[in-house]
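Only one structure is covered here, and it is reproduced in the block below.
The values are calculated or read from the model by the stated rules, or taken from the named source; none is laboratory data. Note that the structure is predicted; figures quoted are calculated from it, not measured. Please note: Cβ atoms are built from the backbone with ideal geometry, for glycine as well, and neighbour counts cover all protein chains shown.
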Amino acid sequence: MPLTGLGAGVWSGTGGGMRVASPWGRAVVVGASYAGLVTARVLADFFDEVVLVERDAMDGDTGVHPGAPQGHHAHAMLARGGEILERLFPGLREELRQQGAPVFDYGEGIDFLLPVGFAPRTRTGLRIQTFTRDELERRLRRRVLALPGVTLLSSTRCTGLIAHPAGRVSGVTCRTQGADPVQMAADLVVDASGRSSSLPHWLGAMGIAVPPKRTVKAKVTYTSMNFDRLDEHDPGHPDFHLAYQMLFAPSVPRAGVLLAVERNRWTCSLFAFQDQPPTDDTGYLAFAKSLSNPRLAQQISRRTVQEPTRTYTNVDNQWRPYHTVKNWPDGLVAVGDAVCVFNPVYGQGLTVAAMEAELLQDMLARRRTSGLLDGLAAGLQKKLGRLVLGPWTLSTNSDLMWNPHGQPLGARFAHWYNTRLFHVAVSDARVWTAFVRVVNMVALPSSLFHPAIALKVLTPRAMRRKRTAAPSPASGSTPGT
């Protein structure tokens, strides 16, 4: 039973104005998690119809995707990702803020413990927001499903691609439980089905070979819980929205992060290399007390209401190199975790998926007049390969340093340079801000080698200065002083 009927573009009134005629008929997005939602939002501007095919049962009230194992752990939107989301979903930041998800300057609202001491409390001009992924996805899903022409096929599994004899993808085969398979024609198919994507097998059925995925094991385990937080007007409310101790090989194998989230709660994620933070209350607090940043244990110890504790162990970095496939078919795009999965400790995944959606938007906009999609898919995958390279390198260089043998030269150099940079950053607000801009993806990593930065990092006296070691949890010293 083929589902056809691609439209040729219509004019429709939206919000008191006119919607520009869509140059294309139907787009199908496989997966309705975060990456699928932001991609569907972009596609809705260019296609008459956008169909989200989702294997799990969900609707507009569903929060975190059932298939996202990291979904219940700490999340924050980096500055670059926040800017893109606010442009795609105007008012989203304020909507979340009204629910208690704070917006704050990265340098002023964070109690950040580097491996060599606390980062300075200084204004960086970069605004970030902390929230639960559950709340973010629920609000994105409601907005996307309210868009004209967007449909969600829930509890429906995509079982394969429809391949045109000329080698392009012209749709998907879907199956709802208990029903016969159906074919759905599409001008564009987007795989946003995450790390469990079947795309390599589907491409293989078309005679297209995909190189093996690249994997860098992180060997880090996360244990997280949500618990109550004092209202910001209550006495004793802390002077930060986020407290963090950074993992750093090999000297800091235990770390954690505490984020203020909506509805007056904290989300706390404790993580460790080749160790598992406990899930019982006593062990959880004891692990937090073992950290050098005392802020996490202080807030955990005063909790009165808490939610279930969850553990996440599958944090390996994985990259399917679709950008290297020479005969990539027209009509098919892969995004999000279906392409690259990052160790979530670096907080890159949400922002990278938003950047991918923005890239797709730019490429479709350039083709709106011609109405031609030929070559778009292969060109986009190549650009996504370049986009992913930076965050992949940052994440894997750090994770590779846990391995005492076979460390690549590039990873060793990055580790050496970062160590020196941190020694300077704890007392130099300009160097710290430069690092923060790279972390938030608003500046390239190469900016940290600008002469004004490199001179400070490489000068011998920067390393000769005595740095105060990270205070012990019992010291109670004030960060940033």
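Close Cβ contacts (under 7 Å, 6 or more residues apart or on different chains) running from residues in region 264-290 that are of a type in the set (Lys, Arg) to residues that are assigned to a strand (DSSP E or B) comprise Arg265/Asn226; Arg265/Phe227; Arg265/Asp228. May I ask you to verify whether Ser251 is in the same structural domain as Gly375 (by TED's automatic domain parsing) and at negative phi? Considered against the rule, which asks whether it is in the same structural domain as Gly375 (by TED's automatic domain parsing) and at negative phi, Ser251 comes out as no.
No other residue among Ala32, Ala57, Ala44, Ala40 is farther than 18 Å from Ser154 by Cα and either charged (D, E, K, R) or modelled with pLDDT of 70 or more (or both) apart from Ala44. Could you list, ordered by first residue, the pairs with Cβ atoms under 9 Å in which the first is in region 230-243 and within 17 Å of Arg263 (Cα to Cα) and modelled with pLDDT under 80 and the second is of a type outside the set (Phe, Trp, Tyr) and not in a loop (DSSP other than H, G, I, E, B), at least 6 apart or interchain? Here the result reads Glu232/Ala260, each pair linking region 230-243 to a residue that is of a type outside the set (Phe, Trp, Tyr) and not in a loop (DSSP other than H, G, I, E, B).
Within region 415-432, being within 16 Å of Pro445 (Cβ to Cβ), buried (at least 20 other Cβ atoms within 10 Å of the Cβ) and of a type in the set (A, V, I, L, M, F, W, C) holds for Leu421, Phe422, Ala425, Val431, Trp432.
When the residues of region 33-47 are narrowed to those that are more than 15 Å from the chain's Cα centre (by Cα) and part of a loop (DSSP other than H, G, I, E, B), which ends up surrounded by the most Cβ atoms within 10 Å (Cβ to Cβ)?
By that ranking, first place goes to Phe46.
I'd like to know if region 48-69 contains one or more residues that are part of a loop (DSSP other than H, G, I, E, B), closer than 30 Å to His237 by Cα and touching a Ser or Thr at 6+ places or on another chain (Cβ under 6 Å). No, there is no match, as no residue in region 48-69 is part of a loop (DSSP other than H, G, I, E, B), closer than 30 Å to His237 by Cα and touching a Ser or Thr at 6+ places or on another chain (Cβ under 6 Å). Which one is nearest to Gln98 (Cα to Cα), of the residues in region 265-299 that are part of a helix (DSSP H, G or I) and polar (S, T, N, Q)? Ranking the candidates gives Gln299 first.
Restricting region 266-290 to residues that are more than 18 Å from Arg302 (Cα to Cα) and touching a Leu at 6+ places or on another chain (Cβ under 7 Å) leaves a set whose member that is surrounded by the most Cβ atoms within 10 Å (Cβ to Cβ) is Phe271.
What are the residues in region 348-401 that are closer than 20 Å to Thr215 by Cβ, over 17 Å from the mean Cα position of the chain (by Cα) and not in a helix (DSSP H, G or I), if any? Result: Met401, single match. The residue pairs whose first member lies in region 396-414 and is touching a residue at least 60 places away in the same chain (Cβ under 8 Å) and among the β-branched types (Val, Ile, Thr), whose second member is surrounded by 13 or more Cβ atoms within 10 Å (Cβ to Cβ) and not in a loop (DSSP other than H, G, I, E, B), and whose beta carbons are closer than 9 Å, counting only pairs six or more residues apart or on different chains, are Thr396/Arg214; Thr396/Val216; Thr396/Asn317; Thr396/Trp319; Thr396/Ala411. The residues of region 330-347 that are in a loop (DSSP other than H, G, I, E, B) and touching a helix residue (DSSP H, G or I) at 6+ places or on another chain (Cβ under 7 Å), listed by number, are Asp330, Gly331, Val335, Val339, Phe342, Asn343.
Being assigned by TED's automatic domain parsing to the domain that holds Ile110, surrounded by 22 or more Cβ atoms within 10 Å (Cβ to Cβ) and small (Gly, Ala, Ser) narrows it down to one of Ala334, Ala260, Ala338, so name that one. One residue alone meets the criteria, Ala260. Against the numbered list (1) part of a helix (DSSP H, G or I); (2) within 30 Å of His75 (Cα to Cα), Gln318 comes up short only at (1).
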